[in-house]
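Since the structure comes first, as structure tokens, the remarks are kept for the end.
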Amino acid sequence: MKKVIRKCGYARVSTAAEEQEHSLIFQTQYYKALIESEKDSEFVGIYADTKSGKTARLRKQFKAMIQAARRGEIDYIITKSISRFARNLIETLRIIRELREINVGIYFEKENIDTLDYKSDFMISIYSLVAESE
């Protein structure tokens, strides 16, 4: 029997501006539909923040998602891009490595990167540096 992969979506926008609010709604609807359409996946929620990506400390939903992953409730996090996930290189790499150690992957759609593939570290570093500089 094939293992069901528990997946969640993570969405983030920087401001509460109306156009950003629509983007957040679109992202959450998109990830819910995407995950539910995958036969080997179980949708376990959407986490969404309206905060800067410079630090995870202020993003309540992000912290809740990481805690759920640590508790073994999430196998994969799907998100739009590295810049939506975080805009701090050191923090991004620390979180990715921590989750990888407990076999939790992150898939960044825009960059087509799966963090459970160790060969992705170099590209993650480059994209994280670009996101941080923006």
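Summarising the label geometry, the points placed 7 Å from Cα in the beta-carbon direction at ASP117 and GLU42 lie 2.7 nm from one another.
In this rough spin-label picture, where each label sits 7 Å from Cα along the Cβ direction, the ILE5-LYS63 distance is 2.9 nm. So which lysines can LYS60 reach, going by Cα to Cα under 21 Å and dropping same-chain residues fewer than 8 places off? Those lysines meeting the cut-off are LYS7, LYS32, LYS51, LYS80. Of the residues MET65, MET123, ranked by 1.4 Å probe accessible area with the largest first, the sequence reads MET123, MET65. A value for percent of Cα pairs over 25 Å apart was derived from the coordinates, and within the list (1) 23; (2) 28; (3) 19 it appears as (3).
In this structure LEU58 has an accessible area near 100 Å², from a 1.4 Å probe over the protein heavy atoms.
Among beta bridges from DSSP that stay inside the chain, the antiparallel ones total about 10%.
Protein chains only, probe 1.4 Å: how do TYR107, TYR76, TYR118 rank by accessible area, largest first?
TYR118, TYR107, TYR76
Computed with every protein chain present, the accessible area of THR55 is close to 40 Å² [probe 1.4 Å].
The values are calculated or read from the model by the stated rules, or taken from the named source; none is laboratory data. Note that the structure is a prediction, hence the values are computed from the model and not measured. All Cβ positions, glycine included, derive from the backbone under ideal geometry; neighbour counts span all protein chains shown. For accessibility, only protein heavy atoms count, side chains too; no ligands or nucleic acids. Shrake-Rupley method; radii C 1.70, N 1.55, O 1.52, S 1.80 Å.
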